[in-house]
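Enquirer: Encoded as structure tokens, here's the structure I'll be asking about.
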Amino acid sequence: MIMKKNTGFTLVEVMVALVILAILMSVGMPQMAVFFKGNRMVVNSNDLLAGLHIARSEAIKRNSRVSICKSANAGDAAPTCATGTGGWEQGWIVFVEGTDPGNEFGQYTGADGDIIKVNTGAEGDQVTINTPDTAIQNYVSFTSRGVPKLKNGASQSGVFRVCDQRGLTNAAGNVVARGVLLNTSGRVRVTRDAGRIGACP
């Protein structure tokens, strides 16, 4: 008679495997959380950077003024620009400004042109994107030459601060926030320089 060999794991082997898995999870999970938070900072700052780049390049390409504004309802069929409380983390839209003499820059209405790009909000919880610079608090408007200017001709420039619940730096003193810098010529870049970012709210 041929004896059938039993295969599988014993209860002791399963328990040992679970203990090892629990140890690995307790060590690895905090690091994974840090990784994901850092990744969200990169994604959110790069999204805003791309939005500003698109607005500028489209203004030059179309030979027409193009604006990007923060919007609390960017995903709606008829989105509007936000001017009250709330930062750029709530979302934003890039659109072609209207040509009517009374057109108000940085306010999208049916009289304006095409909506070029939409962002429906920042990734992650407790993320804020704001700026201490009043000239770019609600919108940035690029002329046909790619220069950011208000309707009265005043230049627009400043820094957008991308932050989460960790603030400007983490417990080790490393800068974890991001800054999206806009200069008066219309060029934009991302920075991790604490001096340029300033402070997180």
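The values are calculated or read from the model by the stated rules, or taken from the named source; none is laboratory data. Predicted model, so just to flag it, every value in this text is computed and none were measured. For neighbour counting, all protein chains shown are included, and Cβ atoms are generated from backbone atoms with ideal geometry for every residue, glycine included.
Enquirer: Going by what's in this entry, would A82 be described as in a loop (DSSP other than H, G, I, E, B), in contact with a Leu (Cβ under 7 Å, 6 or more places away or on another chain) and either at pLDDT below 95 or crowded, with 18+ Cβ neighbours inside 10 Å (or both)?
Expert: no
Enquirer: Would you say N183 is out of contact with any Asp or Glu (no Cβ under 6 Å at 6 or more places or on another chain) and modelled with pLDDT under 95?
Expert: Taking the combined requirement at face value, the residue does not satisfy it.
Enquirer: Under 6 Å by Cβ, and 6 or more places apart or on different chains, what pairs join a residue from the stretch 59-84 that is within 24 Å of N130 (Cα to Cα) and in contact (Cβ under 8 Å) with a residue 12 or more places away in the chain with one that is surrounded by fewer than 16 Cβ atoms within 10 Å (Cβ to Cβ) and of a type in the set (S, T, Y)?
Expert: Cβ pairs passing all conditions: A59/S144; A74/T120; G75/T120.
Enquirer: Sort out which residues of the stretch 85-115 are assigned to a helix (DSSP H, G or I) and touching a residue at least 40 places away in the same chain (Cβ under 8 Å), and write them in order of number.
Expert: W88, E89
Enquirer: Another question, then. Take the stretch 122-137 and flag every residue that is buried (at least 17 other Cβ atoms within 10 Å of the Cβ) and outside any loop (DSSP other than H, G, I, E, B).
Expert: Answer for the stretch 122-137, where residues must be buried (at least 17 other Cβ atoms within 10 Å of the Cβ) and outside any loop (DSSP other than H, G, I, E, B): T128, I129, N130, A135, I136.
Enquirer: So if I check each of V159, V118, which one is modelled with pLDDT of 95 or more, aliphatic (A, V, I, L, M) and either outside any strand (DSSP E or B) or surrounded by 17 or more Cβ atoms within 10 Å (Cβ to Cβ) (or both)?
Expert: Of V159, V118, the one residue that is modelled with pLDDT of 95 or more, aliphatic (A, V, I, L, M) and either outside any strand (DSSP E or B) or surrounded by 17 or more Cβ atoms within 10 Å (Cβ to Cβ) (or both) is V159.
Enquirer: Can you report the number of residues in the stretch 145-192 which are closer than 19 Å to E97 by Cβ and of a type in the set (D, E, K, R)?
Expert: Number of matching residues: 3.
Enquirer: Out of the residues in the stretch 32-71 that are surrounded by fewer than 19 Cβ atoms within 10 Å (Cβ to Cβ), small (G, A, S) and more than 15 Å from V188 (Cα to Cα), state the one that is modelled with the lowest pLDDT.
Expert: Per the stated criteria, the residue is A33.
Enquirer: Tell me whether the stretch 138-145 contains one or more residues that are free of Cβ contacts under 8 Å to residues at least 40 places away in the same chain, crowded, with 21+ Cβ neighbours inside 10 Å and in contact with a Ser or Thr (Cβ under 7 Å, 6 or more places away or on another chain).
Expert: No, the stretch 138-145 has no match at all.
Enquirer: Taking the stretch 162-178, which residues are of a type in the set (G, A, S) and buried (at least 16 other Cβ atoms within 10 Å of the Cβ)?
Expert: Across the stretch 162-178, the qualifying residue is only A177.
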